[in-house]
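What follows is a single structure, written as structure tokens, with notes after it.
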There are 2 protein chains.
Amino acid sequence: MASKPPTRKPLRKRKRGDEAGPPRAARLEEVARMAGVSPITVSRALRNPDIVAEETRGRIAQAVKKIGYVRNFNAGALASRKTTTIGIIVPTIMDVGFAEVVHGFYDTMGEHNYQLLLGVSDYSEEVEERLVRDFLAHRAAGLILTGVSHGPEVRRMLTSMAVPTVEFWGLSRTPIDLCVGYSNADAAYAMTRHLVRLGYKKIAFVSPLIGTVMRDNDRTRDRREGHRKALRDSGQGIDESLFASGRLDFQSGANALVELMGKRPDIEAIFFGNDVMAAGALMECQKRGWAVPDKVAIAGFGDSELATVVQPALTTVRTPRHAMGKRAAELLLERIGGNTKVPKVVDMGFDVIQRDST
Amino acid sequence: MASKPPTRKPLRKRKRGDEAGPPRAARLEEVARMAGVSPITVSRALRNPDIVAEETRGRIAQAVKKIGYVRNFNAGALASRKTTTIGIIVPTIMDVGFAEVVHGFYDTMGEHNYQLLLGVSDYSEEVEERLVRDFLAHRAAGLILTGVSHGPEVRRMLTSMAVPTVEFWGLSRTPIDLCVGYSNADAAYAMTRHLVRLGYKKIAFVSPLIGTVMRDNDRTRDRREGHRKALRDSGQGIDESLFASGRLDFQSGANALVELMGKRPDIEAIFFGNDVMAAGALMECQKRGWAVPDKVAIAGFGDSELATVVQPALTTVRTPRHAMGKRAAELLLERIGGNTKVPKVVDMGFDVIQRDST
DNA sequence: TTGTATGCGTTATCAG
DNA sequence: CTGATAACGCATACAA
């Protein structure tokens, strides 16, 4: 009995999915058959049309449309070990500040045909770690993280898997990979110095608290510390009764105002760590007929749209939210493209905006 | 020469990735080897721990940790033809309304270990179609779309690929698959009837416009039509000079107020199609010393946080944003789970909230 | 410019 | 409860 050449096609025993089941999506092969080419040519026509003859491309396009073929990124990712998926993690999307960064980031990445996996950490490092793990399971081409403080496991995973990563909204001396933001401490410092220059003496500070279990975070802490340093550098002592905190919303801003003025009527200015709280306080002043800035000056942080609408317009710190997102995208794209000479830490700066509330 | 049994492992010619290249992520096989089991057992231990012996599971967990193994969803998706990825498309994330729906949706889906692909359409059907195609390429397990008006190709793709889909923020008589929302027309109708009941006669309406090229959308149109119908049903004629429109932001709300009152000083109430514009108008009234609601009453739409903070508090329509997102998630989960008896259209209702601005 | 052979890392299926 | 085998649908490497 003559030995046969090794069987090349081990006759598919068609075990899977050949019965009823859900309608199976079309494959490259079917498009190829209809267009009279090989699957790899279809693959090429879809990913890089230029390298396929125009006439061939036309037949393929027709077949694709007729069959209603939709690419399978999962199969592609497996074969190429590449994805066009980016993971971004923010503490919340209910804060327009984060939404604005996501927006800036999204626009730029979208132009380059990347898709965005959105993760919301609710200010929890534990949740963040789970999200990072999930995104890595998707083999995300890159990751964007909020802030510069992350769990050790997050850092380990990202480093060991060598995933391009950008941390935003802060400046880190030891970024996981890349970092784009501004110094929250310097920004708050600048505002307090500004208030001192305007002649205010008793300057209170209100820290916004967030999360389901109310707490602050690295950015908020940095702002408070910047404020304290400014007071010291201005020769003013630190008076703990001039510090308050509250949930990051309008009502808590109003409450903080009332609480502070209640126990320290000599307060001349209040610096809120967030525009929303400052706006809440401003409206409370209006209700009570307290003159701003004559009875008490009010400053915010963030320069949200509110700031120019409230009466009087709010003095605040403008942070580069949209620009941060955009820059993060640009850096990430460079990094994914293999450029190793991108700057590790990018300082986007900030501006103190003097308006009528101080 | 004795015939050998058929070679099972056709000696991998190790063509790919065996040289330098980036650090290759660990595979199931390596974990399996270290734990002394087969890869499929590791796979099972990771996906469904209960069906693996506790002792085995322990060894596997150890190996996973030591190696730093991270699952590969792409390979898993290919093999199982399933993903835990959901695509959600909203017109923008800068509007807290959409952010709130996403939030409600995200929380519920997150609990069930789904990941979210975020798409922003910028109110464009063309962009929406591209996003749907991308999400289908990811083989998303389900899709969430804003509104009930979509391009024909979107409907075709989703139907032919039989992807569980929920349209939210509207009620459709012919949903692509499922639909959860409320009637914008009825909601606006209810508000205008309410204003009429309060005794207002000349009631203006302001339509918010959105997108990079300013335009309205099905939801905004429905609100305006609801308002018109309410006027007709109240025996009032339609006076086109009582209609205005403007970009959806504070300033445009203020502008619309000024414009309307300028040309029609007899206006008694203005119904804004969005709270943000209404709040802008309210603040403008304050600046100008116009009494609200005595000189002019103001109503909004959406019941955003602002509504209770502005002075006077804003009469508005409360829409079930968070609940819509949550319900959409629940429906989608049922649908993905194979439940075919879920309701196709879910009406979440709305509430007219009477406050001090009317 | 197009095609052939092969592997990507996992899971469904069936057998034990 | 665990394992052997065969897909899953596509893209890389190389050849033509």
Is the stretch A:202-225 home to any residue that is among the aromatic types (Phe, Trp, Tyr), crowded, with 21+ Cβ neighbours inside 10 Å and away from chain B (no Cβ under 14 Å)? yes
For the stretch B:99-119, does any single residue satisfy the condition of being of a type in the set (Gly, Ala, Ser), open to solvent by less than 10 Å² (accessible area, probe 1.4 Å) and farther than 18 Å from A:Ser121 by Cβ? yes
Among the residues of the stretch B:89-100, count how many are facing chain A (nearest Cβ under 8 Å) and among the charged types (D, E, K, R). 1
In the list A:Gly97, A:Gly87, which residue meets the criterion of being modelled with pLDDT of 95 or more, away from DNA strand D (no atom under 11 Å from the Cβ) and within 40 Å of the chain's Cα centre (by Cα)? A:Gly87
Of everything in the stretch A:312-329, what is open to solvent by 20 Å² or more (accessible area, probe 1.4 Å) and over 14 Å from the mean Cα position of the chain (by Cα)? Give them in sequence order. A:Pro312, A:Arg318
Any pair with Cβ under 6 angstrom, 6 or more apart, that starts in the stretch A:178-203 at a residue that is farther than 29 Å from A:Asn339 by Cβ and ends at one that is acidic (Asp, Glu) and not in a strand (DSSP E or B): A:Ala185/A:Asp222; A:Ala185/A:Glu225; A:Tyr200/A:Glu268; A:Lys201/A:Glu268; A:Lys202/A:Asp266; A:Lys202/A:Glu268
Of the conditions (1) touching a residue at least 40 places away in the same chain (Cβ under 8 Å); (2) farther than 24 Å from A:Ser245 by Cβ, A:Glu334 clears all except one; give me its number. (1)
Does the stretch A:82-98 contain at least one residue that is more than 30 Å from B:Gly104 (Cβ to Cβ) and surrounded by fewer than 20 Cβ atoms within 10 Å (Cβ to Cβ)? yes
Does any residue in the stretch A:101-129 that is more than 8 Å from chain B (Cβ to nearest Cβ) come within less than 8 Å, Cβ to Cβ, of a residue that is among the acidic types (Asp, Glu) and open to solvent by 60 Å² or more (accessible area, probe 1.4 Å) six or more places away or on a different chain, and which pairs are these? A:Thr108/A:Glu330
Can you find even one residue in the stretch B:76-83 that is more than 9 Å from DNA strand D (Cβ to nearest atom) and within 11 Å of chain A (Cβ to nearest Cβ)? yes
Among the residues of the stretch B:288-307, is there at least one that is of a type in the set (S, T, N, Q) and either farther than 30 Å from B:Met109 by Cα or modelled with pLDDT of 95 or more (or both)? no
Restricted to the stretch B:126-173, and to residues that are in a helix (DSSP H, G or I) and under 16 Å from the mean Cα position of the chain (by Cα), which residue is surrounded by the most Cβ atoms within 10 Å (Cβ to Cβ)? B:Val132
Looking only at the stretch B:55-64, decide whether some residue is at pLDDT 95 or above and within 12 Å of another protein chain (Cβ to nearest Cβ). yes
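The values are calculated or read from the model by the stated rules, or taken from the named source; none is laboratory data. The model shown is predicted, which means the values in this text are computed figures rather than measured ones. Using ideal geometry, Cβ is built from the backbone for each residue, glycine included, and neighbour counts are taken over all protein chains shown. Please note that ligands, DNA and RNA were not included when accessible areas were found on the heavy atoms of the full protein model with its side chains. Shrake-Rupley method; radii C 1.70, N 1.55, O 1.52, S 1.80 Å.
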